[in-house]
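Working notes, structure below.
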Amino acid sequence: MNIIGGVISGVGRRAPWLGIALLTLTPSSAVGQAERYGLERPERGRDLLEAIALRQHNRARRAVGVPPLAWSDALAIDADRYAAEMARTGLYRHSAKVSRSGAQGENIWRGERDLYDYGTMIGTFLDEARYYRAGSRIPAISTTGNWRDAGHYTQIIWRGTTAVGCALRTGRGQDYLVCRYSPPGNIYGQGPED
């Protein structure tokens, strides 16, 4: 069994519809984007993130007939560790599989600080449903021909996944969201609804 770990998004390459990492800030822009544009800062907090993540993930799973996910504090702690690393370094990329505590899938998101609420962040993963080819298997799951264009979504609806944990950190004018999944999805030769 080959696992195609997490999903490497098309940021900077080809997926502007993801809404992630499209706006570049200068190092001097330390003020939050909500304040900069006169917007109300999105409500934040661990309990709110858990509630919204579970609601959105499980709504998507229910729509395709797979069982709901449970929240995992252990996955959230691992997600937080990596979100903190991205916030500290400014490097936006998936973590190395060997750095994760056990076998975990991963979805990541980045956007301007204080501009997006949790629902919008997770919604970018779910928006990939429009490219998902139902009944297909990795790597032929996307109508675009690139499995990564639907990979965040398929990790969310992967039948064998039972738990999720997410965390958000801020650094260098950016918010970094990491969601971790166990067992991981996006397994080569398998489909999310198998």
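The values are calculated or read from the model by the stated rules, or taken from the named source; none is laboratory data. On a predicted model such as this, the values are computed, not experimentally measured, just so you know. FYI the Cβ positions are ideal-geometry reconstructions off the backbone, even for glycines, and counts take in every protein chain you see. Please note that ligands, DNA and RNA were not included when accessible areas were found on the heavy atoms of the full protein model with its side chains. Shrake-Rupley method; radii C 1.70, N 1.55, O 1.52, S 1.80 Å.
Here are the numbers:
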quantity: Carbon + sulfur, % of accessible area of the range 73-112 - ligands and nucleic acids excluded, 1.4 Å; calculated: 55
quantity: Largest to smallest accessible area among 130, 88, 113, 180 [probe 1.4 Å]; calculated: 88, 130, 113, 180
quantity: Prolate/oblate/rounded label for the range 64-136 (Cα gyration tensor, a/c 1.5); calculated: oblate
quantity: Spacing of the two label points (7 Å from each Cα toward its C-beta) at residue 55 and residue 85, in nm; calculated: 3.2
quantity: Residue-span extension gain [residue 134 to residue 70] - 0.36 nm each, minus C-alpha spacing; calculated: 20.7 nm
quantity: Spin-label model distance (nm) - residue 127 vs residue 62, 7 Å beyond Cα toward Cβ; calculated: 2.4
quantity: Interchain or long-range residues, amide H under 5 Å from residue 185's placed H; calculated: 105
quantity: Estimated vicinal HN-Hα couplings, Hz - the range 104-119 in sequence order (Karplus 6.51, -1.76, 1.60; Gly, Pro = x); calculated: 9, x, 8, 10, 10, 9, 9, x, 4, 3, 6, 9, 10, 8, 4, x
quantity: Where the range 79-134 is the region considered: accessible area per residue in Å², 1.4 Å probe; calculated: 44
quantity: Cut-off under 5 Å, modelled amide H: who pairs with residue 113 long-range; calculated: 33, 174, 175
